[in-house]
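Beneath this line is the structure, given in structure tokens, with notes to follow.
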Amino acid sequence: MTDLEIPADILAAIYAQARAEFPGECCGYLRGPGPERTLVRCTNYQDRLHALDPVANPRTSANGYNFGGRQQIDFANSFNGDDPATIIYHSHPRVGAYFSLEDEAAALSAGWMVDYLVVDVQEHEIREAVLFRRDPQAGPEGPAFVAVARFPGAAT
């Protein structure tokens, strides 16, 4: 198994989370390499942030995600251990598995050296998931992240 592969049981769990949290975005991350990957489901705090300050946080869970608090601390601390975070995942309800400008801006400002999995969740199916990686050759006018792997969806 390569670093571009995700075990089927973990992908199925991410898809189940995406369906359960639809029409909001789900989020979480994977720790460790290839077959040793483990799933860490996170709570999407975007609605709470929006309720606290809708001007500073105009997005809701329908089109944004944010995991914070203890989950953010555990994520950051993972880089000091033997099984660091390797992939952050989130779903895109109804709009497709693409790396949005908002996703790119957040990833660049955070600076984490991880890949990003985006899940296309629709009313009655997961169409696909796409893994994005930072492009070291990206110029100022091009995307900083490129698709490096695609995973088939699942009917629900």
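The values are calculated or read from the model by the stated rules, or taken from the named source; none is laboratory data. On a predicted model such as this, the values are computed, not experimentally measured, just so you know. In this analysis, Cβ positions are derived from the backbone assuming ideal geometry, glycine residues included, and neighbour counts consider all displayed protein chains. Ligands, DNA and RNA are stripped out before the accessible areas are found, and what is left, the full protein with its side chains, is counted by its heavy atoms. Shrake-Rupley method; radii C 1.70, N 1.55, O 1.52, S 1.80 Å.
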Taking residue 80 as meeting all but one of (1) touching a residue at least 24 places away in the same chain (Cβ under 8 Å); (2) open to solvent by 70 Å² or more (accessible area, probe 1.4 Å); (3) more than 15 Å from the chain's Cα centre (by Cα), write down the number of the exception.
(1)
Restricting the stretch 1-48 to residues that are of a type in the set (S, T, N, Q) and closer than 17 Å to residue 93 by Cα, the one most open to solvent (accessible area, probe 1.4 Å) turns out to be 43
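For (1) within 18 Å of residue 20 (Cβ to Cβ); (2) part of a strand (DSSP E or B); (3) open to solvent by 10 Å² or more (accessible area, probe 1.4 Å); (4) free of Cβ contacts under 8 Å to residues at least 60 places away in the same chain, each residue gets a yes or a no:
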position	(1), (2), (3), (4)
75	no, no, no, yes
99	no, no, yes, yes
102	no, no, yes, yes
108	no, no, yes, yes
113	no, no, yes, yes
132	no, yes, yes, yes
143	no, no, yes, yes
152	no, yes, yes, yes
Looking at the stretch 36-70 only, could you name the residues that are part of a helix (DSSP H, G or I) and closer than 18 Å to residue 109 by Cβ?
46, 49
Check whether at least one residue in the stretch 87-100 is more than 19 Å from residue 62 (Cβ to Cβ) and charged (D, E, K, R), and report yes or no.
no
If you go through the stretch 117-129 one residue at a time, do you hit one that is among the small types (Gly, Ala, Ser), modelled with pLDDT of 95 or more, assigned to a strand (DSSP E or B) and under 21 Å from residue 62 (Cα atoms)?
yes
Note on the stretch 115-130: residues of a type in the set (D, E, K, R) and either open to solvent by 50 Å² or more (accessible area, probe 1.4 Å) or farther than 19 Å from residue 85 by Cα (or both) are 120, 123, 125, 127, 128
Which members of the stretch 33-88 meet the condition of being of a type in the set (Phe, Trp, Tyr), over 16 Å from residue 113 (Cα atoms) and in contact with a strand residue (DSSP E or B) (Cβ under 8 Å, 6 or more places away or on another chain)?
65, 67
Cβ contacts < 8 Å: first residue among the basic types (Lys, Arg), restricted to the stretch 35-57; second residue open to solvent by 50 Å² or more (accessible area, probe 1.4 Å), any location; separation 6+ or different chain. Result?
37/31
